[in-house]
């Protein structure tokens, strides 16, 4: 489809933060797959069985966790611009914020 | 046939045409059809004779409009008809799994969609099969992915047609004696849809989506606030549902219905949610749509606000139980109980005729839009990855557009066959059947985003075995009351021995086989394909060299669930 430039590795990332984001994302998946932990009627809330309102609660929790993961991922692997040829990163600038093609930062 | 054992007396008053509601429905349908045909002139291109214009119609909406449209896209016949119908007839395992499904969907796509966005923008990939071809260097594997996407979309479109049919039947048309008269209104609605999709391409659903969303929001908000209070409050709703679920059995499986899943249904509930969530973003229409996002991290940001829509989906699902409390009798014009009619029937019973008409229009149009988008995406996949890749590599743009247009008709034709031949009593199965197939492309698409460890031939073999196993297992689920095949999507999981979603079992077999064969092929030194991507491609963002805006669909950054 296109010629492949010879550029190599992924941009540097804070592995710890990436793992943290992964854990935050895994929490709602694991929680909702453990059906046995919430498949019960009591306690009811406003007439809603536990089974129902607990899953509605996870809508909100999942939103919060996913948004946190989003912020963390942005920080864990800041975007590194590429050179105009697209075959290497402009990350040899020690500040880590190399000027872009058009001179903006 | 849904529920012979249900304690529901045959209703005498369901027949007859609801004149006002039908008039409102027809009014909206005509408006929408006119808009659909007019769409061809909207921002009229120099020529409609290219795939770019017909199939990709390239438009970019601003942020808030996109969000608005996304919300509308989550509401289709699946949410409005199939899920509440399953709740009404069979209870939580068949219906409410849609809530955890649409919650865990977002963490899952959060993880891999950004990589797909980046690599696709660096290499101009528009379909899943494009990426698989570039990454694996295997035309065969790419073809397998394309064919699966094409095939799996059909039952999903069929589900939309079931929704339209349900509305028409409750409004009082389409119940004549022979099957031609019975299905004629559906044929007419279908034909109009097919024709304006043919002439206007993706512009048609893009324009109609506005009408659809406004109607759907009005109806949802009114329904979930007004209806529960009218039938005695949520507490009463749940008590009525519990009573019905504990005193009835599912005629198709011969098992009791479910109010809250018991220990024997945990696996089924969890695998239905997980399998559906993993499958949804494998569909051509959803992948292509996600790629229309502005930048690499847009989809991640969206993933954190989109679960809000799952909240409304859950409330809509519960309308199926509201209908139990309200004593809704979804009896078709042929005198048989048909669960798919329950939500339209609820609206007809509880609302003034004119508002019932608005609700009918919302459901019908809410089914037309995704049906059009899905058929176009499937047609594009066919043209790009099957026709151009295999049949006529030197096709001109006009020929491509022609093939896509015709294919969109063919896809809808097949969808119609699904509707007319398969067991409709549990229409949610249409979506689940599509899920069984499409999930088998998950290893090729998602694993390849991270690693080339899997050998391309091994992935192809895993896919083939997963497809065959899934199809055979689904065929073998027969309706115990009438013997028809494809009556369910849940079967016993080998080894574990619990009931589970067939898609997930087939997926597990697929992955294990692919892993084992990879070891074998590596040992045998089977030739590797050429990878045209580089690691950096998976992190590119807007503004990087060679990251071009892709000409993808106009507005779907999330698919129609």
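No lab work stands behind these numbers, since they all come straight from the coordinates. All figures in this text were calculated on a predicted structure; none of them were measured in a lab. Methodologically, a virtual Cβ is constructed for each residue, glycine included, from the backbone with ideal geometry; neighbour enumeration extends over all protein chains shown.
Observations on the model:
- Modelled spin-label separation between residue B:26 and residue B:191, with each label point placed 7 Å from Cα along the Cα-to-Cβ direction: 1.6 nm.
- Compactness of segment B:360-412, taken as the C-alpha radius of gyration over 2.2 N^0.38 Å, stands at 1.35.
- Per-selection Rg to Rh, segment B:75-177 - Cα, Kirkwood hydrodynamic radius: 1.12
- Sorted by Cβ neighbour density within 10 Å, fewest at the top, the residues A:40, B:412, B:388: A:40, B:388, B:412
- Each of B:541, B:334 has some number of other Cβ atoms within 10 Å of its Cβ, and from fewest to most they run B:334, B:541.
- For residue A:23 and residue B:453, a Förster radius of 25 Å and the Cβ-Cβ distance give a FRET efficiency of 0.55, rounded to the nearest 0.05.
- Look at the stretch A:52-65: the mean tally of other chain Cβ atoms within 10 Å of its residues' Cβ atoms is 6.
- Rg and Dmax, both from the Cα atoms of segment A:15-76 and both in Å, are 14.3, 45.
- Look at the stretch A:68-80: the mean tally of other chain Cβ atoms within 10 Å of its residues' Cβ atoms is 3.
- For the peptides B:472-482, B:81-91, residues were scored by their other Cβ atoms within 10 Å and the scores averaged per peptide; the highest-first order is B:81-91, B:472-482.
- By the beta-carbon count within 10 Å of each Cβ, the least crowded to most crowded order of B:374, B:350, fewest first, is B:350, B:374.
- Shielding by partners - mean other protein chain Cβ count within 10 Å, residues of B:102-112: 6
- Simple label model, 7 Å out from Cα along Cβ direction - residue A:44 to residue B:421, nm: 4.7 nm
- Rg [Å, one decimal], Dmax [Å, integer] - segment B:61-425, C-alpha atoms: 20.8, 66
- If R0 equals 56 Å, the separation of the Cβ atoms of residue B:184 and residue A:60 corresponds to a calculated FRET efficiency of about 0.75.
- Gap separating the Cα centres of segment B:382-425 and segment B:299-353, nearest whole Å: 32 Å
- Put the Cα centre of segment B:105-128 next to the Cα centre of segment A:36-50 and the gap is 37 Å.
- Scattering curve values for segment B:357-463, log₁₀ I(q)/I(0), Debye with Cα scatterers, q = 0.10, 0.20 Å⁻¹: -0.44, -1.18
- Taken along the Cα-to-beta-carbon direction at a fixed 7 Å, the label points for residue B:526 and residue A:34 span 4.0 nm.
- Estimated at 0.36 nm per residue, the fully extended path between residue B:476 and residue B:229 surpasses their Cα-Cα distance by 84.6 nm.
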